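K.L.:
My questions will all concern the structure given below.
The values are calculated or read from the model by the stated rules, or taken from the named source; none is laboratory data. Since the structure is predicted, the reported quantities are computational estimates derived from the model, not experimental observations. When we count neighbours, we look across all protein chains shown, and the Cβ atoms used for this are built from the backbone with ideal geometry, even at glycine.
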Amino acid sequence: MKILVCVTSVPDTTARISFTDGDTKFSKAGVQYITGPYDDYALSRAVELKEQLGATLTVLNVGEADAEPVIRKCLAIGADDAIRVNAEPTDAYFVAEQIAAIARQESYDLILMGRESIDFNGGQVHGIVGEMLGIPSFSPVMKLDIEGTKAKIAREIEGGKETLEASLPLVLGCQEPIAEWKIPNMRGIMTARTKPLRVVEPSGSDSLTKVQKYELPPPKGACRMIPAEEAETLIGLLRTEAKII
Amino acid sequence: MSVLIFAELDQAADGTGSLRKSSLEAIFYGAQVAGMLGTTATALVIGSAEAPELELTGNYGATKVLHATAERLAQPNNMAYATVLAAAAGQEGSSVVIIAKSSLGDAVAARAAGKLKAGLVSNVVDLPEGDAASLRVKRSIYTGKAFAITEMKSPVKIITIRKNAVAPQTTDAKAAIEAFSPTLNDQDFVAQVTGVEKATGEVPLTEADIIVSGGRGMRGPENWGILEDLAHALHAATGCSKPVSDLDWRPHHEHIGQTGIKVSPNLYVACGISGAIQHLAGVNGSKVIVVINKDAEAPFFKAADYGIVGDVFDILPRLTKAVQSAG
Ligand SMILES: Cc1cc2nc3c(=O)[nH]c(=O)nc-3n(C[C@H](O)[C@H](O)[C@H](O)COP(=O)(O)OP(=O)(O)OC[C@H]3O[C@@H](n4cnc5c(N)ncnc54)[C@H](O)[C@@H]3O)c2cc1C
Ligand SMILES: Nc1ncnc2c1ncn2[C@@H]1O[C@H](COP(=O)(O)O)[C@@H](O)[C@H]1O
């Protein structure tokens, strides 16, 4: 069994977001990068499946060299090898093309991704890759078990969940509680240094979309405080002032 | 050359479909875009729905509705629905496709983008600018902490919109119904849905106009009654913070924030939630935020429009009464 996990290197969830160059570039200054939280769930489940079923586990990132610490961390957590497609991940379609190109060469049984990246939050790449490879894609997956060549899946839907069965190969976007996040141990960190990390150049077309400018939300006005003794007046304010109930 | 809108149905227990509110917004959005591009809006409805429900798409601006009813399409299926959507876009010569964000809508959008080699932008919060050759859209990024003005230039452009991207105005116009039966692919039906568990009659969080949400300050699942009472009085959906769903006080699908659902209601009422940055990330698209917290220093007040420093166990029942007595 061959498993591919696609990971993003993204600003930490507490990062303050700001832009430079006339609001055309994300400001990386002082920002700590982490593995996408959802990608971490995908990787953690992949490591468990590898231990259970004896799979090989590759991580893939489409990104520039500064993503390598995140890739090394994935190797320390349990991936066997890594591929980095050396390109700025500008657009979901472009990223999906890169992932699909690698997947066509390597024929993975299972391609696990996060439900969404936390920078662009598209929740798109898994579906596009599934379509490009002509195989099913499901997201967000909360439970995944493999029995032979079949996957048993539970997926979140609005207000509940859906259970599914499908044959491999599959592309899945993962979220909690599919697995507990794994933390690298000392031995993992040592061996990760020598595990193979292959850098390949991008293929295929240009991006279909392009960011022209970034904006921050307008600053929030002051909060109107209502004394607890007069809590009831809130309802009147929501009716007459805010006009939303 | 029309603008195509994928209009999602909610299936009632008896099998009849009703159009999702988010899809009605998408139709209105699509009709506005069509107006801008000098063309018409066509809605695509997949699954069982009665004629009056289909005609309703006209109230929101669609001139025509394509209705695909093949037996195999009765159950939502991202692959088959994307096949139908791509066929509809082909037939209509659509260069712009609009889809409301939802678990099905997201997947259909992505797979259709793969089929049509279409540029895809999701979480769009406003109407676009530009023309058919080049559209500029504003989308929410970094989990609501910023926006990106994004240019789309591919021949086919797919946009998924967030709740409240537009405020629909309706007319009495009716859409013309046209049966649609494109060729389906057997490979689209290889996965088997083995079960669906769904709270019935519940408004999905992403579509709710009002959300009353609770955090660890609620102290336990047994106390949710007072929060639900207020939600009920306001016709609101209920949500929660991550620790609350981690502790199994509330189901996972109610968890709001960076690693949960992102919501953009008209009103978000946070009860006993501290306002950690990861929680705020999921709610900062809300029009009005009310925070009730006993700690005046809780960070959530900085993101709030109205705040009450007080004990949820005292305040919530009083607010419920105030809503009820004001009728
Ligand atoms: C990678 C990552 C992702 C995360 N994603 C999310 C996410 O998606 N969503 C999310 O919510 N969190 C998320 N978190 C967790 C987040 O950091 C906070 O820990 C969490 O939001 C806190 O939840 P809370 O406000 O319910 O609890 P607490 O922080 O414990 O706050 C409880 C609040 O209730 C108040 N309170 C107590 N008793 C009362 C009372 N009787 N009346 C009124 N007020 C009272 C307290 O003053 C306090 O402010 C994430 C964290 C990480 C690291
Ligand atoms: N640049 C990238 N490199 C590798 N995987 C990616 C990249 N961008 C997105 N993905 C994967 O696709 C998932 C969904 O991303 P998105 O569609 O951007 O929300 C992520 O959780 C990753 O698993």
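K.L.:
If we keep just the residues of the range B:155-209 that are of a type in the set (Gly, Ala, Ser) and within 21 Å of B:ALA110 (Cβ to Cβ), which is nearest to the other protein chains (Cβ to nearest Cβ)?
P.N.:
Within the range B:155-209, the match that is nearest to the other protein chains (Cβ to nearest Cβ) is B:ALA191.
K.L.:
Test each condition in (1) of a type in the set (Gly, Ala, Ser); (2) within 16 Å of the chain's Cα centre (by Cα); (3) surrounded by 21 or more Cβ atoms within 10 Å (Cβ to Cβ) for B:ALA86 and report the one that comes out false.
P.N.:
(2)
K.L.:
What residue, among those in the range B:175-233 that are hydroxyl-bearing (Ser, Thr, Tyr) and within 19 Å of the chain's Cα centre (by Cα), is surrounded by the fewest Cβ atoms within 10 Å (Cβ to Cβ)?
P.N.:
Here the residue is B:THR200.
K.L.:
For the range A:184-205, check the following and say yes or no: at least one residue is touching a residue at least 24 places away in the same chain (Cβ under 8 Å) and at the interface with chain B (Cβ under 7 Å from one of its Cβ atoms).
P.N.:
no
K.L.:
So, one more: Out of (1) away from ligand 1 (no atom under 16 Å from the Cβ); (2) over 30 Å from A:LYS210 (Cβ atoms), the odd one out for A:MET142 is which?
P.N.:
Checking A:MET142 against (1) away from ligand 1 (no atom under 16 Å from the Cβ); (2) over 30 Å from A:LYS210 (Cβ atoms), the one that fails is (1).
K.L.:
Ok, one more. I'd like the residue in the range B:255-275 that is more than 16 Å from ligand 2 (Cβ to nearest atom) and touching a Pro at 6+ places or on another chain (Cβ under 7 Å) and, out of all such residues, is farthest from the other protein chains (Cβ to nearest Cβ).
P.N.:
Selected residue: B:SER274.
K.L.:
Something else about it: Taking A:LYS143 and the conditions (1) more than 7 Å from every other protein chain (Cβ to nearest Cβ); (2) within 15 Å of ligand 2 (Cβ to nearest atom), which numbered condition does it fall short on, given that it satisfies the others?
P.N.:
(2)
K.L.:
Can I ask one more? Only one residue in A:GLY122, A:GLY127 is within 14 Å of chain B (Cβ to nearest Cβ), modelled with pLDDT under 95 and away from ligand 1 (no atom under 16 Å from the Cβ). Which one?
P.N.:
None of the other options fit; the residue is A:GLY122.
K.L.:
If B:LEU247 meets every condition in (1) at pLDDT 95 or above; (2) more than 17 Å from B:ILE211 (Cα to Cα); (3) within 8 Å of ligand 1 (Cβ to nearest atom); (4) touching a Lys or Arg at 6+ places or on another chain (Cβ under 9 Å) apart from one, which number is that one?
P.N.:
(3)
K.L.:
Restricting attention to the range B:109-143, report how many residues are facing chain A (nearest Cβ under 8 Å) and under 18 Å from the mean Cα position of the chain (by Cα).
P.N.:
10
K.L.:
For the range B:287-323, enumerate the residues that are part of a loop (DSSP other than H, G, I, E, B), more than 13 Å from ligand 1 (Cβ to nearest atom) and free of Cβ contacts under 8 Å to residues at least 60 places away in the same chain.
P.N.:
Hit for the range B:287-323 is B:ASP305, nothing else.
K.L.:
Could I ask something else about it? Checking B:ALA100 against (1) surrounded by fewer than 24 Cβ atoms within 10 Å (Cβ to Cβ); (2) within 21 Å of the chain's Cα centre (by Cα), which single condition isn't satisfied?
P.N.:
Against the list (1) surrounded by fewer than 24 Cβ atoms within 10 Å (Cβ to Cβ); (2) within 21 Å of the chain's Cα centre (by Cα), B:ALA100 comes up short only on (1).
K.L.:
Would a scan of the range B:3-15 turn up a residue that is touching a Lys or Arg at 6+ places or on another chain (Cβ under 6 Å) and more than 24 Å from B:ALA132 (Cα to Cα)?
P.N.:
Looking for residues that are touching a Lys or Arg at 6+ places or on another chain (Cβ under 6 Å) and more than 24 Å from B:ALA132 (Cα to Cα), one finds at least one in the range B:3-15, hence yes.
K.L.:
Also, I was wondering about something else. Being touching a helix residue (DSSP H, G or I) at 6+ places or on another chain (Cβ under 9 Å) and part of a helix (DSSP H, G or I) is the filter here; which residues of the range B:81-102 pass it?
P.N.:
Residues of the range B:81-102 touching a helix residue (DSSP H, G or I) at 6+ places or on another chain (Cβ under 9 Å): B:81-86, B:89-90, B:94-102.
Scanning the range B:81-102 gives B:TYR81, B:ALA82, B:THR83, B:VAL84, B:LEU85, B:ALA86, B:ALA89, B:GLY90.
K.L.:
Going through A:ILE99, A:ILE83, A:ILE77 one at a time, which residue ends up being away from chain B (no Cβ under 14 Å), within 12 Å of ligand 2 (Cβ to nearest atom) and of a type outside the set (Asp, Glu)?
P.N.:
Going through A:ILE99, A:ILE83, A:ILE77 in turn, the sole match is A:ILE83.
K.L.:
Sticking with this structure for a sec: Hey, among A:ALA82, A:ALA96, A:ALA67, A:ALA103, which residue is in a helix (DSSP H, G or I), among the small types (Gly, Ala, Ser), away from ligand 1 (no atom under 16 Å from the Cβ) and within 26 Å of A:ILE189 (Cα to Cα)?
P.N.:
On the way: A:ALA82 fails: in a helix (DSSP H, G or I); A:ALA96 fails: within 26 Å of A:ILE189 (Cα to Cα); A:ALA103 fails: within 26 Å of A:ILE189 (Cα to Cα).
Only one candidate qualifies: A:ALA67.
K.L.:
Of all the residues that make up the range A:169-201, how many are in a loop (DSSP other than H, G, I, E, B), surrounded by 16 or more Cβ atoms within 10 Å (Cβ to Cβ) and either at pLDDT 95 or above or over 20 Å from the mean Cα position of the chain (by Cα) (or both)?
P.N.:
Number satisfying all stated conditions: 2.
K.L.:
Quick check, is B:VAL269 buried (at least 24 other Cβ atoms within 10 Å of the Cβ), more than 25 Å from A:SER117 (Cβ to Cβ) and among the hydrophobic types (A, V, I, L, M, F, W, C)?
P.N.:
So B:VAL269 fits the description; yes.
K.L.:
Right, something else. Scanning for something in contact with a helix residue (DSSP H, G or I) (Cβ under 8 Å, 6 or more places away or on another chain), farther than 21 Å from A:VAL129 by Cα, part of a strand (DSSP E or B) and of a type outside the set (S, T, N, Q), does the range B:155-175 turn up at least one residue?
P.N.:
Yes, some residue in the range B:155-175 is in contact with a helix residue (DSSP H, G or I) (Cβ under 8 Å, 6 or more places away or on another chain), farther than 21 Å from A:VAL129 by Cα, part of a strand (DSSP E or B) and of a type outside the set (S, T, N, Q).
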